[in-house]
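Each value in this text was obtained by applying a stated rule to the coordinates, not by laboratory testing. All of these numbers come straight from a predicted model, not from anything done at the bench. Please note: Cβ atoms are built from the backbone with ideal geometry, for glycine as well, and neighbour counts cover all protein chains shown.
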Amino acid sequence: MLRLIDNVCGAGGTHARPVAVCGEAAADPLLAPLLVGFGVSQLSVGVFS
């Protein structure tokens with residue numbers, strides 16, 4: 001799955017398109033920095049109360 005996300009981010013960069021991840025993966029404090037490192041431009045998370 002991580003390789004797929006990396007490939008999508010590479011294609012997004014090649015075609016000047018943003019890549020967004022939403023949901024629990026984007027909210028994971030260990031995974032979020034990795035996603036940003038891959039080139040994800042937007043992380044969308046829910047509000048925690």
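Would you confirm whether any residue within region 3-17 is among the hydrophobic types (A, V, I, L, M, F, W, C) and in contact with a strand residue (DSSP E or B) (Cβ under 7 Å, 6 or more places away or on another chain)?
Narrowing region 3-17 to residues among the hydrophobic types (A, V, I, L, M, F, W, C): 4-5, 8-9, 11, 16.
The next check asks that each one be in contact with a strand residue (DSSP E or B) (Cβ under 7 Å, 6 or more places away or on another chain); those that pass are none.
There is no residue in region 3-17 that is among the hydrophobic types (A, V, I, L, M, F, W, C) and in contact with a strand residue (DSSP E or B) (Cβ under 7 Å, 6 or more places away or on another chain).
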In the list A16, A25, A32, which residue meets the criterion of being among the small types (G, A, S), without any contact (Cβ under 8 Å) to a residue 12 or more places away in the chain and at positive phi? A16
